[in-house]
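Working notes, structure below.
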């Protein structure tokens, strides 16, 4: 395993700028999640590191060594594709063994069998080893696909939304399993997703991408609690952060145009009067949809709330985030 | 499971459809059956009117196909030792003796060499070209593909005279190499276009995965793309072989001896000792076999269908 560094990395496809001037250091043994909507450059970043695309500018260092001119094979990375690309003409066993039999590794068949057996056990596909790859369910295929990366001990694992095709239950299981495997192996892992739960639960570091730029890089907690912009703030949190004009509530630092209020950062019982439009009972808690001067606000309350739609409720922001006209964060404290 | 179903045809539909298919097959098979049966008739039976459906089978056609014979007088015939085998016996019944083997075996082998040789070459070059066209950025790719296709926009025989002159100048007339090159040139556009379609269907992720797994591009092509293109390669090979095997016009024009294929040779049998239809039919029957066997051997690949299911689209 190794540290991976991106230096001023850029890549365009025609007029589309997929990755713009990206600097990022993926520490050795870190689980880094790249978060962003479709088209933010997540997959392109992975492909650049893997060597499937050549950068227009910038450099990639794996373990301190530039790999710009290396072939994908020479870079010693493993990748799980979003499409589970199992070779349909091979059995599950041969699919898992395929990377180990490559001319670069050239392991003995005994070693290959041992490693395949171990990975198959971890991923709970041992009983399917002799099946054809096409005879598996979607979840099994994706596990084999992940297994094909795990049989190797590369410098870095690259995973492109590997769980997106699984059903919710399996996805939750695989999240825990992947995190456990990564910790056991001490593996460096770069993981692409647009699922914030995956980012929050697995990552040691999260990188938020916006139109090919890395806008913030930090621990999930930093990204959640200390976002640099509205864009980053809206990436994490469910329900999403409320973004409201500054005029609705009291004083704010100079230059503030928008305030960001996490649903849990709204105190009830005093402050500005709002009207309840809808209540969602989720079992463990309830979501209140409030209306204030033409703006919708979502907040949380306890599961057995007696509030009804139509009631009015006074609310007061607690530790709001301030943003300027461009959506950038204003960190200044309010002067009393 | 007798419930009415939208997707499953009813038994009556199946029965009617099956009957129609069998009827159609029987009608289309009549000429083939005719040729097959005629091969086992005696020359008088073969031209009798009304045609004989039931007849006493004879191997005379096959014996005549593979031998040359000379007529002898009854006295000479009587002086000969008893016939050594069934072929000799059949021939002597017609007051003739076997003078030697005919050229059919040789011509047939020419067909095999040229047919399979050009098929192999077309597929080999076609697969590489199709892969390159499918995967790489090539300047003027579309123009090149159109250019390749345009070689089939006129009947190949339209350029017969230039080719005849070129071949004479190059010393390729009546050579195996010349015919293999010619049929490959005609087939290559078909091969490139068909195979490009098949290779386009194979997702790039497979090769990319193989590249990352430590394989070179050629190894990825060989280990990942080729096995999945097997279906396409098999069907393309059948088309190429059928063309090269059946081609008549160029074979008549460019071959006369050493490299003559079976199609121009079979009609010449008629001229040897009268209208020997059974021998012609026997030649046609044997001529049909290789393509039939080749197709049956590759049938598995044709039916297996293109890879599906392992990549989510």
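Only the coordinates and a few stated rules stand behind these numbers; no lab work does. Please read these numbers as outputs of a predicted model, since none were measured by experiment. Methodologically, a virtual Cβ is constructed for each residue, glycine included, from the backbone with ideal geometry; neighbour enumeration extends over all protein chains shown.
Taking springs between alpha-carbon atoms closer than 10 angstrom, which of A:108, A:250, A:294 fluctuates most in the Gaussian network model of chain A?
Largest GNM mean-square fluctuation: A:294.
I'd like to compare B:139-150, A:168-179: which one has the highest average count of other Cβ atoms within 10 Å, and what's the full order after that?
In descending order of packing, they fall as A:168-179, B:139-150.
Is segment B:75-126 best put as rounded, prolate or oblate by its Cα gyration tensor, with a ≥ b ≥ c the root eigenvalues, rounded for a/c under 1.5, and otherwise prolate when a/b is larger than b/c, oblate when not?
Taking the square roots of the gyration eigenvalues as a ≥ b ≥ c, segment B:75-126 is prolate.
Give the angle, between 0 and 90 degrees and rounded to the nearest 10, that separates the Cα long axis of helix B:176-201 from the longest principal axis of the Cα atoms of chain B.
40 degrees
So if we plug the beta-carbon distance of residue B:157 and residue B:71 into 1/(1 + (r/R0)^6) with R0 = 41 Å, what FRET efficiency do we get, rounded to 0.05?
The pair residue B:157/residue B:71 has a calculated efficiency of 0.55.
Could you give the nm distance between label points at residue B:301 and residue B:85, where each point is 7 Å from its Cα heading toward the beta carbon?
Spacing of the two 7 Å Cα→Cβ label points: 3.6 nm.
Among B:222, B:131, B:183, determine the one that fluctuates most according to a GNM of chain B built with springs between C-alpha atoms less than 10 Å apart.
Of the options given, B:222 has the highest mean-square fluctuation.
Given Cα pairs under 8 Å that are at least 6 residues apart, what percent is the relative contact order of segment B:188-259?
Here the relative contact order equals 38 percent.
Label residue A:69 and residue B:200 with points 7 Å out from Cα along Cα→Cβ: what is the distance between them in nm?
Those two pseudo-labels are separated by 3.7 nm.
Residues of A:72-83, mean number of Cβ from any other protein chain within 10 Å of their own Cβ, rounded to a whole number?
Mean shielding by partner chains, rounded to a whole number: 5.
With a/c under 1.5 counting as rounded, go ahead and sort segment A:4-234 into rounded, prolate or oblate using the C-alpha gyration tensor (a ≥ b ≥ c being the square roots of the eigenvalues; past the cut-off, prolate if a/b is larger than b/c, else oblate).
Judged from the Cα gyration tensor, segment A:4-234 comes out prolate (a/c at least 1.5, a/b above b/c).
Per-residue ellipticity at 222 nm for the protein assembly as shown, helices alone: DSSP H runs ≥ 4 residues times -39500 (n - 2.57), over residue total, nearest 500 deg cm²/dmol?
The helix contribution divided over the protein assembly as shown gives -13500 deg cm²/dmol.
Write down, largest first, the equivalent ellipsoid semi-axes of chain B in whole Å, where each equals the square root of 5 times an eigenvalue of the alpha-carbon gyration tensor.
46, 30, 17
What FRET efficiency comes out for the pair residue A:296/residue A:134, r = Cβ-Cβ distance, R0 = 51 Å, nearest 0.05?
Efficiency, from the Cβ-Cβ distance: 0.60.
I'd like the orientation of helix B:141-150 relative to chain B: the angle between its Cα long axis and the longest Cα principal axis, in ° from 0 to 90, rounded to 10.
Taking the Cα atoms of chain B, the angle to B:141-150 is about 20 degrees.
Pick from B:262, B:251, B:78 the residue whose mean-square fluctuation is largest in a GNM of chain B, springs joining Cα atoms under 10 Å.
Comparing B:262, B:251, B:78 in the GNM, the peak value goes to B:78.
Considering every residue in A:86-92, what mean count of other chain Cβ atoms within 10 Å of its Cβ is obtained?
The mean count of partner-chain Cβ atoms within 10 Å per residue comes to 6.
Evaluate the distance, in nm, between pseudo-label points positioned 7 Å from the Cα of residue A:114 and of residue A:167 along their respective Cα→Cβ axes.
3.8 nm
Below 8 Å, C-alpha to C-alpha, sequence gap of six or more: please give me the relative contact order for segment A:256-300 in percent.
Reported as a whole number, the value is 33 percent.
Mind running the shape call on the protein assembly as shown? Use the C-alpha gyration tensor, a ≥ b ≥ c as the square roots of the eigenvalues: rounded below 1.5 for a/c, prolate if a/b tops b/c, oblate otherwise.
Cα axes put the protein assembly as shown in the prolate bin.
For a quick check: sort B:190, B:128 by the number of other beta carbons within 10 angstrom, fewest at the front.
Starting with the residue having the fewest Cβ neighbours, the order is B:128, B:190.
For the ranges A:182-191, A:261-270, what's the packing order if you count other beta-carbon atoms within 10 Å of each residue, average per peptide, and put the highest first?
A:182-191, A:261-270
Evaluate peptide A:96-107: per residue, the Cβ atoms of other protein chains within 10 Å of its Cβ; return the mean as an integer.
3
Arranged by the count of other C-beta atoms within 10 angstrom, fewest first, what order do A:198, B:89 take?
Ascending Cβ contact count within 10 Å gives the list B:89, A:198.
I'd like the distance between the alpha-carbon centres of segment B:1-70 and segment A:249-302, rounded to an integer number of Å.
Here the two parts' Cα centres lie 85 Å apart.
Counting alpha carbon pairs within less than 8 Å and at least 6 residues apart, what relative contact order, in whole percent, applies to chain B?
Across chain B, relative contact order equals 26 percent.
Nearest 10 degrees, 0 to 90: what angle lies between the long axis of helix B:230-246 and the longest principal axis of chain B (Cα atoms)?
With both axes taken from Cα atoms, the answer is about 30 degrees.
What ranking of A:275, A:235 emerges when the number of other C-beta atoms within 10 Å of each C-beta is taken as an exposure proxy, fewest first?
A:275, A:235
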